[in-house]
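Take a look at the structure below.
Any read-out appearing in this document is the output of simple, stated calculations on the displayed coordinates, not a laboratory observation. Here the structure is a predicted model, which means the values were calculated and not measured. Neighbour counts are summed over all protein chains in view; Cβ atoms, including those assigned to glycine, are modelled from backbone coordinates with ideal geometry.
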């Protein structure tokens, strides 16, 4: 990858990171492109080079997260559903959650009312959660199995970075959540 292309990709990723933090902490409606540009130390014109609107930034985040989730779903569905495979899916999901998937899902949940004007984005995030739940269902799952699978996935997602109020470090929360989720997974 050429240095110029890499720099554009790095800038785009940095814009996404700063915007996601702002959207989650301050709210989507209360965040402006000007504030994102200021946090980055760039002009709005420089920001416009990569994204014209907040909606463009959010859509790019959802698309990037979706690609990661699709890869995980493809992997988990490529072989029969065993408990070992479902627990490995949780481990892989925990890694993704530390890399942004959990942040994105939390952002959408926290801003669901504000994002009502972007139903496609909200629906897509909910579809990803539903797809993850279905992918980790054991064959002929009982009601208890289905509930356990959902609790396991949500445990992994909840333990993500934004939950420092739980105590511990990011690694400790992630490891603890993975241990709990693995115990719960049918």
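Order the peptides 102-114, 10-22 from the highest to the lowest mean number of other Cβ atoms within 10 Å of their residues.
Highest-to-lowest ranking by the protection proxy: 102-114, 10-22.
Under 4 °C and 1.567 mPa s, how fast does the stretch 23-92 diffuse according to Stokes-Einstein, given a Kirkwood radius computed over C-alpha pairs? Answer in µm²/s, whole number.
88 µm²/s
For n ≥ 4 DSSP H runs only, could you compute -39500 (n - 2.57) per run for the chain, divide by its residues and tell me the 222 nm figure to the nearest 500?
-24000 deg cm²/dmol
Just how many % of Cα pairs in the chain lie over 27 Å apart, if you round to the nearest whole percent?
34 percent
Give me the Debye-computed log₁₀ of I(q)/I(0) at q = 0.13, 0.21 Å⁻¹ for the stretch 109-179, equal point scatterers on Cα only, no solvent, two decimals.
Normalising to I(0) and taking log10 leaves -0.51, -0.98.
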